[in-house]
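The values are calculated or read from the model by the stated rules, or taken from the named source; none is laboratory data. Please read these numbers as outputs of a predicted model, since none were measured by experiment. As a convention, Cβ positions derive from the backbone with ideal geometry for all residues, glycine included, and neighbour counts pool all protein chains shown. Areas reflect the complete protein model, heavy atoms only, side chains present, ligands, DNA and RNA absent. Shrake-Rupley method; radii C 1.70, N 1.55, O 1.52, S 1.80 Å.
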Amino acid sequence: MAATTDIAQRLAEVLAAVGLAAAAAGRAPASVRLVAISKSQPASAIRAAHAAGQRAFGESYPQELEDKARELADLDLEWHFVGRLQANKTRPVAELCHWVHGIDRQRIAERLSAQRPPALPPLQVCLQINAHDETHKGGIAPVAALGLAQAIAALPQLRLRGLMCLPAAARTDRRAPFRALRELAAQLGSAGVALDTLSMGMSDDFGDAISEGATLVRVGTAVFGARR
Ligand SMILES: *Cc1c(COP(=O)(O)O)cnc(C)c1O
């Protein structure tokens, strides 16, 4: 992990780059949110980023999420789950997170809704779309998105916000999955599924993602340094 002052510096650089990419695409800098992906980084790294003004953090493993949420309970954090979710590991995510990116199965969606405490607002979720790439295990085909979106609409404790994707394999057109995600969101909109979030772009490609319409970028290494 990077030292505390480094994290503040890197965070400022990433936010500046996000703002520049948005401006270059003719968009307001505030139209893109940064989620700092803190998986495998110590809680102290999250404290450093929080002290520098960052509030939204993303984790990939339920146990690690639980440990950090406990350790950082004194901070006003917004937790995002960005990992592969197994059906028997949904409870801490339903209880602790504000957002879950990467929903690709109705069974997981149903469990999250059932386990979401009634006193909390609905969990905000994105469907993970896998249009191009067989090397990624997760995600659904674009043709399956409408059906899953409609199933989620019937779940009281989930609120569908948008679509999410992982980067394409290196040899393909880097922007193609981002463009495909934007076009799919527009199609779903025409079919009556209102979405306001495109969760796409990581450390290496958030500029491209913002050019193609990303409203939320998930950036780990560029903020925190290399993972352990
Ligand atoms: C780890 C991870 C990221 C962040 O990746 P970096 O390359 O470190 O920015 C973003 N999204 C998901 C789903 C991840 O698992």
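Using the crude model of +1 on Lys and Arg Cβ and -1 on Asp and Glu Cβ, and no other charge, please compute the dipole size for segment 1-97 relative to its Cα centre, in debye to 20.
It works out to roughly 300 debye.
Averaged over all directions, how much area does the convex hull of the C-alpha atoms of segment 2-155 cover when projected, in nm²?
So the Cα hull casts an average projection of 10.6 nm².
From the alpha carbon gyration tensor of segment 174-228, can you work out the equivalent ellipsoid semi-axes (sqrt of 5 times each eigenvalue) and give them in Å, largest to smallest?
Equivalent ellipsoid semi-axes, largest first: 26, 11, 7 Å.
Relative to the Cα centre, what is the charge dipole magnitude of segment 60-176, using +1 at the beta carbon of each Lys and Arg, -1 at the beta carbon of each Asp and Glu, and rounding to the nearest 20 debye?
Numbers: 15 positive and 13 negative charges, 82 e Å.
Using only the charged Cβ atoms, the result is roughly 400 debye.
What does the C-alpha gyration tensor say about the overall shape of segment 22-71? Classify as rounded when a/c is under 1.5, otherwise prolate if a/b is larger than b/c, or oblate.
prolate
How much accessible area per residue does segment 159-221 have, counting only protein heavy atoms and a probe of 1.4 Å, in square angstrom?
Spelled out: the 1.4 Å probe surface of segment 159-221, per residue, equals 42 Å².
Consider a paramagnetic label point 7 Å from the Cα of ALA151 along Cα→Cβ; state which residues of segment 107-128 have an amide N under 20 Å from it.
It comes to 107-116, 123-128, nothing else.
Stretched out fully, how many nm does the piece from LEU75 to VAL143 gain, at 0.36 nm a residue minus the Cα gap? Could you put the intermediate results ahead of the total?
Numbers: separation 68, 0.36 × 68 = 24.48 nm, distance 4.06 nm.
The span from LEU75 to VAL143 would gain 20.4 nm if fully extended.
At a 1.4 Å probe radius, carbon and sulfur cover how many percent of the accessible area of segment 160-228? Intermediate results must be reported in sequence, preceding the final value.
Working: 1440 of 2920 Å².
Carbon plus sulfur share of accessible area: 49 percent.
Compute the separation of the alpha-carbon centres of segment 33-64 and segment 97-148 and state it in Å as a whole number.
Centre-to-centre distance over Cα atoms comes out at 21 Å.
Gain in length, ALA226 to ALA3, computed as 0.36 nm per residue apart minus the alpha-carbon separation, to one decimal in nm? Kindly include the intermediate steps, with their values, before the conclusion.
Numbers: separation 223, 0.36 × 223 = 80.28 nm, distance 1.17 nm.
The span from ALA226 to ALA3 would gain 79.1 nm if fully extended.
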